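Each remark here refers to the structure printed beneath this line.
Read the figures in this text as sums done on the coordinates, not as results from a lab. What you see is a predicted model, and the numbers here were worked out from it, not measured in a lab. We place every Cβ from the backbone using ideal geometry, glycine too, and count neighbours over all the protein chains shown.
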Amino acid sequence: MSSHDAEHKVKGSHHWLLALMFILVALVWFIAPIISRDRPLPPWIEQLPQWPVVVILLLGLAVLLPWSPRSLRTRSRVVALSSITFTLVLLFSVMKTLYKPAFDLHEISTRIAALQENGQTVAVAGKYHNQFQFLGRLKKPVDVVSWFQIKDWLKDKQPAYIVIVWKKRPELHYQDDEFIQPYRGRWMVLLRRATLRTRPELARP
């Protein structure tokens, strides 16, 4: 065996290891959202998109394509490009999954619209910049309750809901019609007035 063939064999084994890593990552990526439903894993794992699985598997196959000893330079370029693409796919997918909910207010806006259509009053605590109006196609504006008014608002016995943004995630037992989501490094919560009344210490930013 010539030194050139030996070098090709060693590099080929490295390519197999790289392809195996791609396949293992794709497998973990595929099953992670499934097992996260029954295990105490971070909630964003369940939201991971599945298209990266296909891309990563294709990258693994590209690395394993049969290359002749004369095409080592081309194969090295393919391996390098596959590695870069793999890294970019992972970073883009994870970062998008992590940060998209922090800026996407469609779901909470839709929930507010549904509550209003059912005749429920919805208020916002603190400052409000009409961010729900367009996204939820609200037919009427929400009430705005300042932090100085919120204690008086809680005294009202009529059913109502309120949107509050907190620095830390509150430990509450949420009802089906209540909602919580990350929001710009904080937590945005849609609560019943009755729920907040049971935890008056949370009636502050």
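Between Pro42, Pro33, Pro52, which gets the highest mean-square fluctuation from a Gaussian network model of the chain, Cα cutoff 10 Å? Per the Cα network of the chain with a 10 Å cutoff, Pro42 tops the list.
Using C-alpha pairs under 8 Å with a sequence gap of at least 6, the mean separation divided by the residue count of the chain gives a relative contact order of 15 percent. For the chain, the longest principal axis of the Cα atoms and the long axis of helix 51-64 meet at an angle of about 10 degrees. Considering only Leu191, Leu88, Leu48, the mean-square fluctuation computed in a Gaussian network model of the chain, springs between alpha carbons under 10 angstrom, is largest for Leu88. Among the GluC sites (Glu not before Pro) within the range 91-200, those in coil by DSSP and having at most 12 neighbouring Cβ atoms inside 10 Å are Glu171.
Legend: distances between Cα atoms for Lys139/Lys168; Lys127/Lys155; Lys127/Lys157; Lys96/Lys139; pairs beyond 29 Å are Lys139/Lys168; Lys96/Lys139. Which percentage, to the nearest 5, of the DSSP beta bridges contained in the chain is antiparallel? Within the chain, antiparallel bridges account for around 60 percent of the total. For the range 113-205, the C-alpha radius of gyration divided by 2.2 N^0.38 Å, with N the number of residues, is 1.01. Loop-located trypsin sites (Lys or Arg not before Pro) in the range 87-171 (DSSP state other than H, G, I, E, B) with a sparse environment of at most 16 neighbouring Cβ atoms within 10 Å: Lys127, Arg137, Lys139, Lys157, Lys167, Lys168. The candidate values were [x] 1.13; [y] 1.03; [z] 1.56; the one computed from these coordinates for Cα Rg over 2.2 N^0.38 Å carries the label [z].
If you line up the long axis of helix 72-99 against the longest principal axis of the chain, both from Cα atoms, how many degrees apart are they, to the nearest 10? With rounding to tens, the tilt is 10 degrees.
For the range 120-201, applying the loop criterion from DSSP together with a ceiling of 15 other beta carbons within 10 Å to the chymotrypsin sites (Phe, Trp or Tyr not before Pro) yields Trp147, Phe148, Tyr174.
Only helices enter this figure: runs of n ≥ 4 DSSP H residues, each worth -39500 (n - 2.57), summed and divided by the residues of the chain, yield -16500 deg cm²/dmol at 222 nm to the nearest 500. Relative to the longest principal axis of the chain, what angle (0 to 90°, nearest 10) does the C-alpha long axis of helix 106-117 take? In the chain, helix 106-117 runs at an angle near 30 degrees to the longest axis.
Result for the chain in a Gaussian network model with C-alpha springs under 10 Å: among Pro40, Pro159, Pro49, the largest mean-square fluctuation is at Pro40.
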